[in-house]
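The values are calculated or read from the model by the stated rules, or taken from the named source; none is laboratory data. Note that the structure is predicted; figures quoted are calculated from it, not measured. Counting neighbours? That spans all protein chains shown, and the Cβs are built from the backbone with ideal geometry, glycine included. Side chains included, ligands, DNA and RNA excluded: accessible areas come from the protein's heavy atoms. Shrake-Rupley method; radii C 1.70, N 1.55, O 1.52, S 1.80 Å.
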Amino acid sequence: MGRPLLLDAWERPATTVVCCVCCAVWWYLNSRGLGYEDVGVSYRKAVRERQLWRCVTASFSHVSFVHLLFNMSSLWSLGVVEQMGAKGAGWGTVWYLRYTLVMLVGTMALVLATTHVLVRYAKLDKYDRVTSVGYSCVVFGWMTYVAVKGAPSGVLSLFGAARVPVNLAPFGSLLFTSLVVPQASFIGHLAGIVTGYLVAWDAFKWLDTKATSLLLLGAVAAAAGTYRNGSNDSAGFRASLVSERRSVVASVFPFFRKATSGDFAGAGRRLGGEPAPSRLLVSVESADA
């Protein structure tokens, strides 16, 4: 007979909270009709337009339910790290939280740095607008950590679809997702593996409570400081979307044409007085991180 789910949840508090947050965010996005363009991260948005808040929203957002299911099932399997606090430094809930923060910041930094090289030096401009969401970077990081440090069972769930030897799990998962989900972010997953190795090799073992707090405050300050501009841009995007929908309705139902052609004050214009574009052109390549 297996262990009760509530007992596992009690012994994996951080994992449980992250799973609940990601599920709640998925529900909110789908109930509001939001998608990649609203919460995803791309080189253009994060670096060129300084919308660093997207590094946070993208990490905890999932547009596809299957993507959410794969990530959360794998993350739950990796929650054993919290239950092994008796092994000492590097294990238990406190270290789990510290290293999760490192993986969140580290993987995003590696992704943006790699994309910078591809865009600026390799002249691969398509990567400038690739937009990603998902917790996969951190999942791959923890998968690599457990593979190096060792797991008690010797096997690990591969996104809930298969069970593989734990030492092969990171690269097996990378191959699996690349074949099954071609649009998945290869760079993001690889960044997770690299960060996972760095953490497993004790590159961040010096990270104490004070250093962790400073890292967290710095990340929050950077995200909060750029949120206002980013939220304004998203509002402009949604205003353009509404304008385009009105144009479509007017063309299909002629009796609405008068109401959308300017008889009402402010019709056909953005907030602030700027003329609304007659067409909405959006070119976004999405990738599940």
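Suppose the filter is among the basic types (K, R), under 24 Å from T114 (Cα atoms), open to solvent by less than 20 Å² (accessible area, probe 1.4 Å) and touching a residue at least 12 places away in the same chain (Cβ under 8 Å); does R44 pass it? Give the derivation first.
Numbers: among the basic types (K, R): yes; under 24 Å from T114 (Cα atoms): yes; open to solvent by less than 20 Å² (accessible area, probe 1.4 Å): no; touching a residue at least 12 places away in the same chain (Cβ under 8 Å): yes.
Here the answer is no, as R44 does not meet what is asked.
Conditions first: (1) over 15 Å from Y135 (Cα atoms); (2) open to solvent by 60 Å² or more (accessible area, probe 1.4 Å). V17 passes all but one, so which condition is the exception?
(1)
Looking at (1) farther than 30 Å from Y127 by Cβ; (2) open to solvent by less than 20 Å² (accessible area, probe 1.4 Å), can you tell me which one W76 breaks?
Of everything listed in (1) farther than 30 Å from Y127 by Cβ; (2) open to solvent by less than 20 Å² (accessible area, probe 1.4 Å), W76 misses just condition (2).
Looking only at segment 115-127, how many residues end up being in a helix (DSSP H, G or I) and either at pLDDT 95 or above or aliphatic (A, V, I, L, M) (or both)?
Qualifying residue count for the region: 3.
Could you tell me which numbered condition V130 fails, if it satisfies all but one of (1) under 25 Å from G172 (Cβ atoms); (2) modelled with pLDDT of 90 or more?
Among (1) under 25 Å from G172 (Cβ atoms); (2) modelled with pLDDT of 90 or more, V130 violates only (2).
Can F65 be described as modelled with pLDDT of 90 or more, open to solvent by less than 60 Å² (accessible area, probe 1.4 Å) and aromatic (F, W, Y)?
Spelling it out, it is not the case that F65 is modelled with pLDDT of 90 or more, open to solvent by less than 60 Å² (accessible area, probe 1.4 Å) and aromatic (F, W, Y).
Checking L175 against (1) surrounded by 18 or more Cβ atoms within 10 Å (Cβ to Cβ); (2) at pLDDT below 85; (3) of a type outside the set (G, A, S), which test does it fail?
All conditions pass for L175, except number (1).
When the residues of segment 16-34 are filtered to those that are in contact with a Ser or Thr (Cβ under 9 Å, 6 or more places away or on another chain) and touching a residue at least 40 places away in the same chain (Cβ under 8 Å), which remaining residue is farthest from V63 (Cα to Cα)?
V18
Please verify whether segment 96-106 includes one or more residues that are open to solvent by less than 20 Å² (accessible area, probe 1.4 Å), over 28 Å from A147 (Cα atoms) and not hydroxyl-bearing (S, T, Y).
no
If you check every pair at least six apart or on different chains, which have Cβ atoms under 8 Å apart with a residue in segment 114-133 that is under 22 Å from V39 (Cβ atoms) and open to solvent by 70 Å² or more (accessible area, probe 1.4 Å) first and a residue that is of a type in the set (S, T, N, Q) and at pLDDT below 90 second?
Close Cβ pairs (under 8 Å, with a partner that is of a type in the set (S, T, N, Q) and at pLDDT below 90) amount to R129/S283.
May I ask you to verify whether R50 is surrounded by fewer than 18 Cβ atoms within 10 Å (Cβ to Cβ), among the basic types (K, R) and free of Cβ contacts under 8 Å to residues at least 24 places away in the same chain?
no
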